[in-house]
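This report refers to the structure that appears directly beneath it.
The values are calculated or read from the model by the stated rules, or taken from the named source; none is laboratory data. Predicted model, so just to flag it, every value in this text is computed and none were measured. All Cβ positions, glycine included, derive from the backbone under ideal geometry; neighbour counts span all protein chains shown. Ligands, DNA and RNA are excluded from the accessible area calculation, which covers all protein heavy atoms including side chains. Shrake-Rupley method; radii C 1.70, N 1.55, O 1.52, S 1.80 Å.
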Amino acid sequence: MIRLRDGALLATTKLRTHRLRTIISIFIPGLLFAGLIAALLVAQGTDNSFKSFEQEGFNNRFLVSATPDPPLNGDALYNKDTQNLAKQIYTQTISSKKVAAKKLAIDYDPNSEPQPLTSLVGASGQQSGTILNVSSPAAQEALHEYIQAHPSPGVTRLREIARPYHPVGFYTVVMGGVSNGSLQVMQNGDENFAGVGVQQHDILQNTIEAAPQQMTRPFLLPQQAKQYDPDAIPVILPYSDAEKLLGMKTLQSNAPPSQELAQIKELYTKASGITFTACYRNSISGQQISMAIDQAAEMAKNKDNKQYQKPDLIYGLPAAGSCGPATVLSDARTSAEKALQAKQDTFNREFGDIVDPIQEKLSFRVVGLTPDQSSGPATTLSGILQSVAGSSLDNSVIIPSNMLDKMPNATAIRSILFSGSADSNLGISEMYYAEFANANDARNFIADKTCTTRVTGSCATAQKPFQLDAYGSSSIALADLRHKFTTIFKLAMLTVAVLAILIMSVTIGRIIADSRRETAVFRAIGAKRLDIGSIFSIYTSILTVCVALFALGLGFLTAHFFDIHYWQEATLQAQLIFGASDTAREFHFFALNIRLIGLIVLLMVVCGVVGMLIPLARNIRRNPIKDLRDET
Amino acid sequence: MSPEELDRFLKRFNDDTDAAIAAIRQHARAKRSFSASPRISASRPVGKTLVSVRSLGKKYKVGRHTVQALTNVTCEVHEGEFLVITAPSGSGKSTLLQLMGGLDKPTNGSVTVDGVDLSSLSDSRLSEFRSHTIGFVFQFFYLQPFLSLERNLELPGIFAHTKRQERQARAKELAATVGIGDKLGYLPKELSGGQIQRAAIIRALLNSPKIILADEPTGNLDRANSVGIIDLFEQIRQTLGTAIVIATHDTAIAERADRVISLQDGAIV
């Protein structure tokens, strides 16, 4: 066989002889492979950056929320047994109250008791049935009985149905709520009395939840995770609540990302460890405050009216920062009136009504932040990306239960903050979460075991007692995206390989065909077929090396250029999307995967060899004389 | 080649050919006295048989038609002989030359070169045999445009696996013989037509073949230049003892040959 050096000498002359075809052979496949390499470098960089940012929040976890089928669904309200029970309780209550009232010698009007049932009126105006009146104490008691008889499936049941899907953890989140009272943030340490009783609580107009540390840890601020304050309830706030608390201006939805990021950075800096107070008042305390305000207004209005008779019992407001009870400014009631009120209080207490005012000042400490969950369709790029890749806890004030339980007055706090959860959540007081090691297990669990909760009625089978959803982040969707990207990338590699083979095959084929006369001359002066094959093999190798160098160079440059131009913007977006507490993280589009780059180079070599083989095999067998004869 | 280019080429070639012949003669005188080239009388063999062609026939297809290029041709070429195969265009002389050189396989009959039946050789062995025994000269020169003259001359040595130093020395020696020794680093496009033609001829000599097969070597040349080239062949034959077989339709060349074979419609007449 011809010596390598001589073969290289003859092969290089072809590069110059067929300059245009050589350029096409290098340029087009090179361009295709460069695209592939650039895409690979960018994809690898993106993936690495995603993985880095996924250390934030829930993004590297596969959580599934399990919402139990709510006990207080339509069935309960229409249930005849429940309705009958409510009527029975109603009758018994009236009967008991009549006896008690007679015993205490006070008046009692049975008509003051709310009816347990409400009539439903059909389109024709005729009664079509009855429904429980949920504001009636008798109906509420009947519903309570119903809940006891139809308990929600708990975490034990979740464990059972999740077992085949290899779960790695189960968590329970307690739903909070203030019943029969209000909880108000004391802005600048002062209570806004006008808002007392208007709403259950304004802290900070979100629900309250107590979540285990496995769920809260990713959202804790670094400096706060290990700090302990026995007097302040630790809370993780959504960004919007924290902004409100700090008096920061809420940005417009179309604010530029740089402004958003600056806002978040400021939020993380300022929010860490800040404390605020809120005043809890039960309904009686709230009523007394309202009464004090109304009375003061009434008296001011009638200041010059000599006919005006002041109330016998006049309440006054406590000091604004005290969260104390309403003061009694004057009490002109007679002894008989006071005695009658005492009897009435005794009567009310006997039947479970709240009589005494309770108020308590609660201190809170911000220990973490969670991005706001988008509630509507995203309209900006960062909004869309955030909905795809962002991670957050619920739009709630989250109390890390492990931190709460360390507080000496944890039980008292729970009795205030978690007193009315079931009432406000259709009888659900807890939410459950299952964690899986990978997206497949989580996805399969959801697909197999979720139940579609109906407005009325319960889930179809006992095997599907929960409504299951991916929770906290789009890890499952991102895993799917990764899988799809890998599939698309493989297809792209295949397509590029086929195209490159075709292009190289055609161009090399043309070059070989154009070289027939030259081949014939070589054969005439002693070249063997193997020599001719060697020359074209070397030529193809040179072409392949050129394609590889061109593709690698252009691919690296393109990816590098892309990274240089977009990394800052991407970092900005990623910090927004992932709510990164580590603001030093950067999002880069450029990362080397030696194994895959090697694979592409190998693919180029394969393309070159395959591209050469067909035309070479076809041409090398030709009779050289035929080519000389054709030429002459 | 346009008519203008052809004119220019021929003019340059005429000048160069005269110079080349003078150079060869001078070189030959220095080496051994070969300036006087004795004419060998026509139709008289000068040595033992080098090529033996027996009952050779060749058919090939052109489109849907089969062409009988050669029919029952029998002839011989002897060592050191200057043989001309003459025939009108399309009469099979090139085909006969190619079969003699083992570039094509006969439909029937046999070709024996230097005692070796070419049909008994594999393709690879045939190439090897051809490399060392036969030199080809083509009408269109076929020099590699992007190789220097030196590398072009070396080509047969490359395929014969001759050592680099040896083939370079040989190329230099041959180039000097025909007066182009100072052009070794030039590309063909930098040479004149005459220089290119001489290069093509001495390229065939690189591996010291026993026979040179030249197909219409003067096909594009005028009379004076044709004579110059034939002089060159004759002097090579005289100097190196190489048998020369030229296929041409030019009957004037035949006058210079030791022997002439005439073909008509693929058969010797």
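At a glance:
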read-out: Magnitude of the charge dipole, the protein assembly as shown, Cβ model with Lys/Arg +1 and Asp/Glu -1, debye to 20; value: 4940 debye
read-out: Modelled FRET efficiency - R0 22 Å, A:Q252 with A:N188, Cβ distances, 0.05 increments; value: 0.25
read-out: Solvent-accessible surface (1.4 angstrom probe) belonging to B:D231, in square angstrom, nearest 10; value: 20 Å²
read-out: Amide H contacts of B:F136 (H built 1.01 Å from N, under 5 Å, at least 5 apart or other chain); value: B:L213
read-out: Mean accessible surface per residue for region B:73-169, computed with a 1.4 Å probe while every protein chain stays in place, in Å²; value: 33 Å²
read-out: Viscosity 0.692 mPa s, temperature 37 °C, Stokes-Einstein D of region B:206-269 from Kirkwood C-alpha radius, µm²/s; value: 261 µm²/s
read-out: Leading residue at positive end of dipole, the protein assembly as shown (Cβ point charges), from A:L596, B:Q195, A:P212; value: B:Q195
read-out: In order through region B:158-174: 3J(HN,Hα) via Karplus (6.51 cos²θ - 1.76 cosθ + 1.60), integer Hz, x for Gly, Pro; value: 4, 6, 8, 6, 6, 4, 4, 4, 5, 6, 5, 4, 5, 4, 5, 4, 5
read-out: Protein heavy-atom accessible area occluded, A/B pair - total, 1.4 Å probe, Å²; value: 2900 Å²
read-out: R0 of 25 Å, Cβ-Cβ distance B:S124-A:R622: FRET efficiency to nearest 0.05; value: 0.95
read-out: Residues of region B:97-126 buried by at least 50 Å² on assembly (accessible area, 1.4 Å probe, chain alone as reference); value: B:L103, B:D123
read-out: Minimum 40 Å² accessible area buried by the other protein chains, region A:502-521 residues, probe 1.4 Å, relative to alone; value: A:V521
read-out: Average accessible surface area per residue within region B:205-269, 1.4 Å rolling probe, Å²; value: 31 Å²
read-out: On Cα atoms only, tilt of A:19-53 relative to the major axis of chain A in degrees; value: 20 degrees
read-out: Residues B:V269 and B:T66, FRET efficiency given R0 of 22 Å [Cβ-Cβ distance, rounded to 0.05]; value: 0.50
read-out: Proximal lysines relative to A:K102, as straight alpha-carbon distance under 26 Å, when same-chain residues fewer than 8 apart are discounted; value: A:K87, A:K338, A:K343
read-out: Spin-label pair A:E113/A:R529, simplified geometry with 7 Å Cα→Cβ offset, distance in nm; value: 11.0 nm
read-out: Partner lysines for A:K226 [C-alpha distance under 19 Å; skip if fewer than 8 residues away on the same chain]; value: A:K270, A:K406
read-out: ³J(HN,Hα), Karplus 6.51/-1.76/1.60, whole Hz, each residue of region A:593-599, x for Gly, Pro; value: 10, 4, 4, 6, 4, x, 5
read-out: Distance-filtered residues of region A:8-43 - backbone nitrogen under 17 Å, label point 7 angstrom along A:E586 Cα→Cβ; value: A:42
read-out: Interchain or long-range residues, amide H under 5 Å from A:M407's placed H; value: none
read-out: Surface accessible to a 1.4 Å probe, A:R16 within the full protein complex, Å²; value: 100 Å²
read-out: Inter-site label distance for B:E255 and A:D304 at 7 Å from Cα along Cβ, in nm; value: 15.3 nm
read-out: Candidate residues A:V498, A:V64: accessible-area rank, largest first, probe 1.4 Å; value: A:V498, A:V64
read-out: Lysines whose Cα lies under 22 Å from that of A:K14, excluding same-chain neighbours fewer than 8 positions away; value: A:K528, A:K626, B:K189
read-out: Carbon and sulfur %, accessible surface of the protein assembly as shown computed with the full protein complex present, 1.4 Å; value: 54 percent
read-out: Crossing angle, helix A:439-449 versus chain A [Cα axis fit, 0-90 degrees, rounded to tens]; value: 50 degrees
read-out: Long-range HN-HN contacts of B:F82 with modeled amide H, under 5 Å; value: B:I244, B:D258, B:R259
read-out: Residues in region B:154-194 occluded by at least 40 Å² - accessible area, probe radius 1.4 Å, against chain by itself; value: B:I158, B:F159, B:H161, B:R164
read-out: Listed residues B:R237, A:R529 arranged by accessible area, highest first, probe 1.4 Å; value: A:R529, B:R237
